[in-house]
Amino acid sequence: MGKNQHVTPHPDGGWQVKGAGNTKATLRTDTQAEAIAVARAIARNQESELFIHGMNGRIRARDSYGNDPYPPEG
């Protein structure tokens, strides 16, 4: 399983895709939609999770691409 991918606001404007634990962004984009598309592709390829953060930095959505228990608990 690869690194979880995070889509967060970039400090200098725009949005960034960052692997969990990385100090530098993998990619910087102008829109959140572009960053989500790239991060989703990386997460699918690495069978990891995607975390989408809002402007305030809090996680607003997440998707899992490979670590899903089957059948789901509950």
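List every residue pair whose Cβ atoms sit under 6 Å apart, with the two residues 6 or more apart in sequence or on different chains, where the first one lies in segment 41-61 and is charged (D, E, K, R) and the second, anywhere, is assigned to a strand (DSSP E or B) and surrounded by 19 or more Cβ atoms within 10 Å (Cβ to Cβ).
Arg60/Ile52
Residues in segment 17-33 that are among the charged types (D, E, K, R) and loosely packed, with under 12 Cβ neighbours inside 10 Å: how many?
Selection size over segment 17-33: 2.
Please specify each residue of segment 13-33 satisfying the condition of being free of Cβ contacts under 8 Å to residues at least 24 places away in the same chain and touching a Leu at 6+ places or on another chain (Cβ under 8 Å).
Answer for segment 13-33, where residues must be free of Cβ contacts under 8 Å to residues at least 24 places away in the same chain and touching a Leu at 6+ places or on another chain (Cβ under 8 Å): just Gln16.
Filter segment 45-74 down to the residues that are polar (S, T, N, Q), modelled with pLDDT of 90 or more and assigned to a loop (DSSP other than H, G, I, E, B), then identify the one that is farthest from Thr31 (Cα to Cα).
Ser48
Only residues that are part of a strand (DSSP E or B) and out of contact with any Phe, Trp or Tyr (no Cβ under 9 Å at 6 or more places or on another chain): list them for segment 1-26, please.
Of everything in segment 1-26, those that are part of a strand (DSSP E or B) and out of contact with any Phe, Trp or Tyr (no Cβ under 9 Å at 6 or more places or on another chain) turn out to be Trp15, Gln16, Val17, Lys18, Gly19.
Which of the following residues is on the phi > 0 side of the Ramachandran plot and at pLDDT 95 or above: Gly14, Gly21?
The match here is Gly14.
The values are calculated or read from the model by the stated rules, or taken from the named source; none is laboratory data. Only a predicted model underlies this, so the values are computations on that prediction, with no experimental measurement involved. All Cβ positions, glycine included, derive from the backbone under ideal geometry; neighbour counts span all protein chains shown.
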